[in-house]
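Read-outs throughout are calculated quantities, based only on the coordinates presented, and are distinct from any laboratory measurement. All values derive from a computational prediction rather than experimental measurement. Heads up, the Cβs are rebuilt from the backbone with ideal geometry, glycines too, and the neighbour counts pull from every protein chain shown.
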Amino acid sequence: MKAVKKKIKLNDKVEVICGKDRGRVGKVIRISRDNDRVLVEKINMIKRHTKPNMVNQQGGIIEREAPIHISNLMLVCPKCAKAVKVGRKALDDGSRVRVCKKCGESVEATA
């Protein structure tokens with residue numbers, strides 16, 4: 001399979017564009033590059049039935065996030081506050097940044 005450059009990074013704000021959580025926005029928690037899946041905060045929640053064990057003495061039903069395919073997500077521009085396509089732009093110092101295709105501003109995290 002051909003390696004594809006991904007436009008989504010850790011701690012990005014993303015919007016779900018299809019599926020049961022369509023239109024919801026969340027923060028990226030974890031990315032699995034080998035199978036193109038992303039874990040997004042409070043998106044694609046599932047119920048997991050667990051037996052009692054050393055970590056969880058009581059057991060029961062635990063609700064947690066399940067991974068969602070990266071093709072079902074779009075980056076949210078911090079300036080426009082809309083789901084946007086992402087381009088790349090080379091700066092004067094030679095570094096490359098991701099830019100919003102709608103407003104042209106950088107979407108890199110300032111933190």
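This structure gives P(r) over Cα pairs in 10 Å bins from 0, in percent, computed directly, and of (1) 17, 51, 29, 3; (2) 13, 37, 29, 13, 7, 1; (3) 14, 37, 24, 13, 8, 4, 1, 0 that value is listed as (2). Checked against a 24 Å cut-off, the cross-linked pairs 27/101; 6/82; 20/42; 47/85; 20/102; 7/89 give Cα-Cα distances beyond that limit for 47/85; 20/102. Residues 77, 100, 18 in ascending order of nearby Cβ atoms (within 10 Å, fewest first): 18, 100, 77.
With neighbour counts taken as other beta-carbon atoms within 10 Å, the residues 40, 16, 55, 86 rank, fewest first, as 55, 86, 16, 40. Roughly how many Å is it from the Cα centre of region 12-44 to that of region 66-111, as a whole number? That distance is 15 Å. Neighbours of residue 103 by Cβ distance under 12 Å: Lys/Arg scored +1, Asp/Glu scored -1, total +4. When the trypsin sites (Lys or Arg not before Pro) in region 39-111 are filtered for DSSP coil states and for at most 15 other beta-carbon atoms within 10 Å of their beta-carbon, the remaining sites are 42, 79, 82, 85, 101, 102. Which percent of the Cα-Cα distances in region 56-98 go past 12 Å? Of all Cα-Cα distances in region 56-98, 77 percent exceed 12 Å.
Based on the reciprocal of the average 1/r between different C-alpha atoms, the Kirkwood radius for region 13-76 equals 12.8 Å.
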